[in-house]
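> This is the structure, below, for whatever I ask next.
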Amino acid sequence: MTKVKMELKEKIVASYVAFENDVDINSEIHDIRTEAFQNFEKLGFPTKKLEAWKYTSLNSVLKNDFSIFPNKENAIEFADVKKYFIHDIDTYKVVFIDGKYSSFLSDTTHDGKDVCLMSSALSKPKYKSVIKKYFNKIAKQDNLTSLNTAFTNEGAYIYIPKNVEVEKPIQIINFTTGNDVATMIQPRNLVVVEENAHVQIIERHQSLTDNAVLTNSVTEIFSAKNATVDYYKIQNDKDNASLVDNTFIEQKTNSVVSVHTFSFGGNITRNNLNFYQRGEHIDSILKGITIIEGKQHVDHHTLVHHIEPNCESHQDYKGIFDARSTGVFNGKVIVEKEAQKTNAYQQNNNVLVSDKATINAKPQLEIFADDVKCSHGCTIGQLDEDALFYMQQRGIPKKEGKALLMYAFANTVLESVKIPEVKQRINKLIATKLGVHIGFDL
Amino acid sequence: MSKYTEEDLEQELKTKEYEYGFYTDIESETFAKGLNEDVVRAISKKKNEPQWMTDWRIEAFRVWEKMEEPDWANVKYPKPDFQGIAYYSAPKQKPKLNSLDEVDPDLLETFKKLGISLEEQKRLANVAVDIVIDSVSVATTFKKTLGEKGIIFMPISEAIQEHPELVRKHLGTVVPTSDNFYAALNSAVFSDGSFCYIPKGVKCPMELSTYFRINEGGTGQFERTLVVADKGSYVSYLEGCTAPSRDENQLHAAVVELIALDDAEIKYSTVQNWYPGDADGKGGVFNFVTKRGICETNAKISWTQVETGSAVTWKYPSCILKGNNSVGEFYSIAVTNHHQQADTGTKMIHLGKNTKSTIISKGISAGKSQNSYRGLVHVGARAENARNFSQCDSLLMGNACGAHTFPYIEAKNKSAQIEHEATTSKIGEDQLFYCNQRGIDTEKAIALIVNGFSKEVLNKLPMEFAVEAQKLLEISLEGSVG
């Protein structure tokens, strides 16, 4: 096993030279890349021996012979992929196919704000100051984030200036088409939201192939004073696609950032969601619904770092696990000594539907301040048999009854979704997952 | 308490050693420092152990040699030098004092606060005891009562001689020699400990306590305890005592194994108040303990612990719920003050059907201390209808301390019902104000609130322990106000 893993690592290491031919190696960014590359070379891929990867093994994924740079430009018809968009409302779109920007499917803007590409932001002088100030400032130096940083080239670049309220949501979609080979892509997104600005973002990774896909994505989000960021991650990929999604968020005073993660598919999905609160009266909201089956594996690894006083964080993750699926929840809340009057709340509820499903939960609290309100709750259980019986008595078939109960179970998360079309889409996805038709809107 | 520094203790030990002849040639024998196979053999020989026991120790030693010291716990301390420890010393003669007047006044003050009787104080402080209250005779009466019921309760070294078949059958079955670094070390070099066997259907009429076992000369550095409750029996076992214990051994690595056969019940209570180091965090005992019990069908094991001492505590009393309908319980209060560090919790391994476990953990941190709860609830694939309830509450006093929770929850069965709750809070200003208004001074009010906070666990302690433990909490937190 270790031997196999070495091979992918070696392949990546070897291809770095080829990668350097494509990018400007004299830029400051390249120094960051090189440093990150050396870091990855040293650390390698994570193994189960690392505490953070105790319950998630990438071994089965890493043994694929991934092509690191898809060499040809692939085009897809909009009609084929329309269903993966939130298409019933007008949105900005930043779309990538096999890691390459698709101008045909995208709808970007520079009108009073920048919704465009990382590659141009990295190379054009007018973005230099923003890149210098923000790029790779909060991303961790761990193995997979370093790997992404080393190969940073493309992704979404979103800059919302002061007092701008973006009038429509922004969709970031990564398609993979690799029809002949297993594909690995590493999108790198940067979102900077200045004072009083407001933005809504929907992110999706979608594989269009039956070959293996590994996405190692890194997103950095900076939210300045009084800014609001509303971020939705829709994960409903094919069974051959694995995703490691690393998100790092820095918040300043009075800002509100919420991230909703909907995990309904994929092979192995690992979400590393990190919040750093650098200011007072900050609110961080982390929510998620996981409904998986088969041999799917979803791992939510959250971190909320309370650094300054009077802040709040709310976490609410619900999981429903069927067949041989495995779920992991590792939620960590750190409250620093200075962060008095912190209010940190964490909730993780799980339902195991099948005997073969597994859930591993590790809700962690590390508290150094005394005047705080921190609580976490974690449950694992089943659907209420009595409630189900009650519904059956009243003519609701068992399947629908179960689905109703699961809806109710997940509803606390859905409730806070602010874009109605996204809520509807999630509703549909849940209904499909549960194999029922639900004739009402939540 | 806080006035008594390590230097004082050192000084005290030094002068007394000189004055009274701490190392009498006949009484005490200490091996040269260091550990190798020969030392392990020599310990075994010294104890006149049978061959199987020697082999067992050697095997443990060989495993230990290959192991690395664990560093995953949330504690920081200088790593002990395992070659710098003398691994065998026969029970030492402690300096005998002639009257209580010679005892350190601080120690007496603590005894007084704990409400320990004068005679008992003398015994604890190692003052020659009057003939009037003869603890030997008390112990003899105890032994007689136990003997009539067929209960075996004796030092494990004696048990190896007298009941080799029982010891051999059970020793190392719950905590194997290769379990962890410290358990392996303990298996190789343990000097003594307790062995307890309750025969079928017998309800042990009294609380068994090492405290009353008079032929044991103080707690050893590497203590080994084995409690076997045969089918349908019941025993309540007390370990440690509330009185402050000043041990010159820095490293303590004990192993406790509990075996509850079908329908048996073991209640194991610990109060630990070892030297925690001085207010600046110098000195103090490292307490690295492996405690585990196994439950057969319908059996029940209940761990109750009050931890107030030691500089570093690393302790996870666990239950393997192997049999159907078995029950595991863990009630804990861990108090840390000054520079103490505690990483403690439990493991509940559900393997049998309809198994239940309850975890109530109360952590209180004050001063500059760090207090962690680390627990595992594991539900195996075949553990139908397993039920767990965990509650970990932390109380923080002052903003220089830390409280941490690391619960691991693993469920592989859909019928499992697991609940975990954790809260962290401080003593409310309004609570204090309320008490102050009613003429209760702040120090007393804090004691009151802490007692209320820990009540669920204190209630689980046997009566005589509970009263003392309550006072112990007060003393441990003294001076941590404001």
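> State yes or no: is B:Gln470 in a helix (DSSP H, G or I), under 26 Å from B:Thr358 (Cβ atoms), more than 10 Å from every other protein chain (Cβ to nearest Cβ) and free of Cβ contacts under 8 Å to residues at least 24 places away in the same chain? Lay out the reasoning, then the answer.
On the way: in a helix (DSSP H, G or I): yes; under 26 Å from B:Thr358 (Cβ atoms): yes; more than 10 Å from every other protein chain (Cβ to nearest Cβ): yes; free of Cβ contacts under 8 Å to residues at least 24 places away in the same chain: yes.
Yes, satisfied.
> If you don't mind, another one. Return the total of residues in region A:172-201 being charged (D, E, K, R), more than 29 Å from A:Glu77 (Cβ to Cβ) and assigned to a strand (DSSP E or B). Step through it out loud before you land on a result.
Filtering region A:172-201 down to residues charged (D, E, K, R) leaves A:180, A:188, A:194-195.
Okay, now just the ones that are also more than 29 Å from A:Glu77 (Cβ to Cβ), so A:194-195.
Cutting the leftovers down to assigned to a strand (DSSP E or B) gives us none.
Result for region A:172-201: 0.
> Related question: Since B:Val174 meets every condition but one in (1) part of a helix (DSSP H, G or I); (2) at pLDDT 90 or above; (3) surrounded by 12 or more Cβ atoms within 10 Å (Cβ to Cβ), which condition does it not meet?
Result: B:Val174 passes all but (1).
> Let me ask something else about it. Given (1) modelled with pLDDT of 95 or more; (2) crowded, with 24+ Cβ neighbours inside 10 Å, identify the lone condition not met by B:Thr336.
(1)
> Hey, another quick one. Just checking, how many residues over region A:232-244 are surrounded by fewer than 23 Cβ atoms within 10 Å (Cβ to Cβ) and in contact with a strand residue (DSSP E or B) (Cβ under 8 Å, 6 or more places away or on another chain)? Show your work before the answer.
Our first condition is that a residue be surrounded by fewer than 23 Cβ atoms within 10 Å (Cβ to Cβ); within region A:232-244, this holds for A:236, A:238-240.
Going one step further and asking which of them are in contact with a strand residue (DSSP E or B) (Cβ under 8 Å, 6 or more places away or on another chain), we end up with A:236, A:238, A:240.
Result for region A:232-244: 3.
> Look at B:Lys322 and say whether it is under 23 Å from B:Gln272 (Cα atoms), more than 10 Å from every other protein chain (Cβ to nearest Cβ), among the charged types (D, E, K, R) and within 25 Å of the chain's Cα centre (by Cα). Outline the logic, then answer.
Numbers: under 23 Å from B:Gln272 (Cα atoms): no; more than 10 Å from every other protein chain (Cβ to nearest Cβ): yes; among the charged types (D, E, K, R): yes; within 25 Å of the chain's Cα centre (by Cα): yes.
So B:Lys322 does not fit the description; no.
> Kindly evaluate A:Asn272 against the criterion of being surrounded by fewer than 23 Cβ atoms within 10 Å (Cβ to Cβ), of a type outside the set (A, V, I, L, M, F, W, C) and part of a strand (DSSP E or B).
Numbers: surrounded by fewer than 23 Cβ atoms within 10 Å (Cβ to Cβ): yes; of a type outside the set (A, V, I, L, M, F, W, C): yes; part of a strand (DSSP E or B): yes.
In short, yes.
> Which one is surrounded by the most Cβ atoms within 10 Å (Cβ to Cβ) among residues in region B:304-333 that are of a type in the set (A, V, I, L, M) and within 27 Å of B:Phe286 (Cβ to Cβ)?
Let us first name the residues in region B:304-333 that are of a type in the set (A, V, I, L, M), namely B:306, B:311-312, B:320-321, B:327, B:333.
From what's left, within 27 Å of B:Phe286 (Cβ to Cβ): B:306, B:311-312, B:320, B:333.
Details: B:Val306: 31, B:Ala311: 26, B:Val312: 25, B:Ile320: 23, B:Ile333: 27.
Among them, the one singled out is B:Val306.
> Turning to a different aspect of this structure: Can you tell me which of (1) more than 24 Å from A:Lys423 (Cβ to Cβ); (2) assigned to a helix (DSSP H, G or I) is the one A:Phe96 doesn't meet?
(2)
> Collect the residues in region B:395-408 that are assigned to a strand (DSSP E or B) and within 7 Å of chain A (Cβ to nearest Cβ), keeping them in residue-number order.
Looking only at region B:395-408, we keep the residues that are assigned to a strand (DSSP E or B), and these are B:395-396, B:402-408.
Within region B:395-408, B:Leu396, B:Gly402, B:Ala403, B:His404, B:Thr405, B:Phe406, B:Pro407, B:Tyr408 qualify.
> May I ask you to verify whether B:Lys362 is of a type in the set (Lys, Arg), in contact with an Asp or Glu (Cβ under 7 Å, 6 or more places away or on another chain) and closer than 21 Å to B:Met397 by Cα?
On the way: of a type in the set (Lys, Arg): yes; in contact with an Asp or Glu (Cβ under 7 Å, 6 or more places away or on another chain): yes; closer than 21 Å to B:Met397 by Cα: yes.
Here the answer is yes, as B:Lys362 does meet what is asked.
> Oh, and also: Just one of (1) at pLDDT 90 or above; (2) over 30 Å from B:His378 (Cα atoms) trips up A:Lys54, so point out which.
(2) is the only condition that A:Lys54 fails.
> Is there a residue being facing another protein chain (nearest Cβ under 9 Å), assigned to a strand (DSSP E or B) and either basic (Lys, Arg) or within 23 Å of the chain's Cα centre (by Cα) (or both) anywhere in region A:298-307? Spell out how you get there, then give the answer.
Taking region A:298-307 as the starting set, the residues that turn out to be facing another protein chain (nearest Cβ under 9 Å) are none.
There is no residue in region A:298-307 that is facing another protein chain (nearest Cβ under 9 Å), assigned to a strand (DSSP E or B) and either basic (Lys, Arg) or within 23 Å of the chain's Cα centre (by Cα) (or both).
> Working carefully through the options A:Ile380, A:Ile426, find the one that is in contact (Cβ under 8 Å) with a residue 40 or more places away in the chain, in contact with a strand residue (DSSP E or B) (Cβ under 9 Å, 6 or more places away or on another chain) and either crowded, with 19+ Cβ neighbours inside 10 Å or assigned to a helix (DSSP H, G or I) (or both). Give the derivation first.
Working: A:Ile380 fails: in contact (Cβ under 8 Å) with a residue 40 or more places away in the chain.
Just one listed residue meets the conditions, A:Ile426.
> Can you say whether B:Ile364 is away from every other protein chain (no Cβ under 14 Å), at pLDDT 90 or above and out of contact with any Cys (no Cβ under 6 Å at 6 or more places or on another chain), as far as the supplied structure shows? Give the derivation first.
Values: away from every other protein chain (no Cβ under 14 Å): no; at pLDDT 90 or above: yes; out of contact with any Cys (no Cβ under 6 Å at 6 or more places or on another chain): yes.
So B:Ile364 fails the test.
> I need the full set of residues from region B:383-394 which are in a strand (DSSP E or B), more than 9 Å from chain A (Cβ to nearest Cβ) and either surrounded by 24 or more Cβ atoms within 10 Å (Cβ to Cβ) or not acidic (Asp, Glu) (or both), in order please.
Correct list: B:Arg387, B:Phe389, B:Gln391.
Yes/no per residue for (1) in contact with an Asp or Glu (Cβ under 7 Å, 6 or more places away or on another chain); (2) among the polar types (S, T, N, Q); (3) under 20 Å from B:Lys412 (Cα atoms); (4) part of a strand (DSSP E or B):
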position: A:Asp245; (1), (2), (3), (4): no, no, no, yes
position: A:Gly279; (1), (2), (3), (4): yes, no, no, no
position: A:Lys287; (1), (2), (3), (4): yes, no, no, yes
position: A:Thr290; (1), (2), (3), (4): no, yes, yes, yes
position: A:Gly294; (1), (2), (3), (4): yes, no, yes, no
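> Could you tell me how many of the residues in region B:36-68 are more than 21 Å from B:His163 (Cα to Cα) and modelled with pLDDT under 85?
0
> Just one of the numbered conditions (1) crowded, with 24+ Cβ neighbours inside 10 Å; (2) over 15 Å from the mean Cα position of the chain (by Cα); (3) within 14 Å of chain B (Cβ to nearest Cβ) is not true of A:Ser284; which one?
It fails just one condition, (3).
> Need the failing condition index for A:Asn189 against (1) over 16 Å from the mean Cα position of the chain (by Cα); (2) at pLDDT 95 or above, just the number.
(1)
> Being at the interface with chain B (Cβ under 9 Å from one of its Cβ atoms), surrounded by fewer than 20 Cβ atoms within 10 Å (Cβ to Cβ) and of a type outside the set (Phe, Trp, Tyr) narrows it down to one of A:Lys356, A:Lys398, A:Lys341, A:Lys362, so name that one. Give the derivation first.
Details: A:Lys398 fails: at the interface with chain B (Cβ under 9 Å from one of its Cβ atoms); A:Lys341 fails: at the interface with chain B (Cβ under 9 Å from one of its Cβ atoms); A:Lys362 fails: surrounded by fewer than 20 Cβ atoms within 10 Å (Cβ to Cβ).
The conditions single out A:Lys356.
> Scan region A:371-392 for residues that are over 12 Å from A:Phe409 (Cβ atoms) and either within 10 Å of chain B (Cβ to nearest Cβ) or under 26 Å from the mean Cα position of the chain (by Cα) (or both) and jot them down.
Keep residues of region A:371-392 that are over 12 Å from A:Phe409 (Cβ atoms), which gives A:371-378, A:380, A:385-386, A:388-392.
A:Asp371, A:Val372, A:Lys373, A:Cys374, A:Ser375, A:His376, A:Gly377, A:Cys378, A:Ile380 - these are the residues of region A:371-392 that are over 12 Å from A:Phe409 (Cβ atoms) and either within 10 Å of chain B (Cβ to nearest Cβ) or under 26 Å from the mean Cα position of the chain (by Cα) (or both).
> Could you list all residues from region A:328-346 that are closer than 20 Å to B:Glu421 by Cβ and without any contact (Cβ under 8 Å) to a residue 60 or more places away in the chain?
A:Phe329, A:Gly331, A:Lys332, A:Val333, A:Ile334, A:Val335, A:Thr342, A:Asn343, A:Ala344, A:Tyr345, A:Gln346
> Out of region A:129-161, which residues are part of a loop (DSSP other than H, G, I, E, B) and free of Cβ contacts under 8 Å to residues at least 40 places away in the same chain?
The initial filter retains those residues of region A:129-161 that are part of a loop (DSSP other than H, G, I, E, B), namely A:135-142, A:151-155, A:161.
Selection gives nothing.
> Kindly indicate which of B:Gly380, B:Gly439 is more than 10 Å from every other protein chain (Cβ to nearest Cβ), modelled with pLDDT of 85 or more and within 30 Å of B:Ser326 (Cβ to Cβ). Outline the logic, then answer.
Working: B:Gly439 fails: within 30 Å of B:Ser326 (Cβ to Cβ).
Selected residue: B:Gly380, the only one of B:Gly380, B:Gly439 that is more than 10 Å from every other protein chain (Cβ to nearest Cβ), modelled with pLDDT of 85 or more and within 30 Å of B:Ser326 (Cβ to Cβ).
> Which pairs do you get when a residue that is closer than 20 Å to A:Leu58 by Cβ, found in region A:193-221, comes within reach of a residue that is hydroxyl-bearing (Ser, Thr, Tyr) and surrounded by fewer than 21 Cβ atoms within 10 Å (Cβ to Cβ), reach meaning Cβ atoms under 8 angstrom, with the pair 6+ apart or on two chains?
That search, which allows pairs on different chains as well, returns A:Thr209/A:Thr177.
> While we're looking at this one, here's another question. With the condition kept exactly as written, say whether any residue in region B:423-430 is part of a strand (DSSP E or B), within 14 Å of chain A (Cβ to nearest Cβ), over 25 Å from the mean Cα position of the chain (by Cα) and under 30 Å from A:Glu293 (Cα atoms).
no
The values are calculated or read from the model by the stated rules, or taken from the named source; none is laboratory data. Note that this is a predicted model, so its numbers are computed, not measured. Cβ sites come from the backbone with ideal geometry, for glycine too, and all protein chains shown count toward neighbours.
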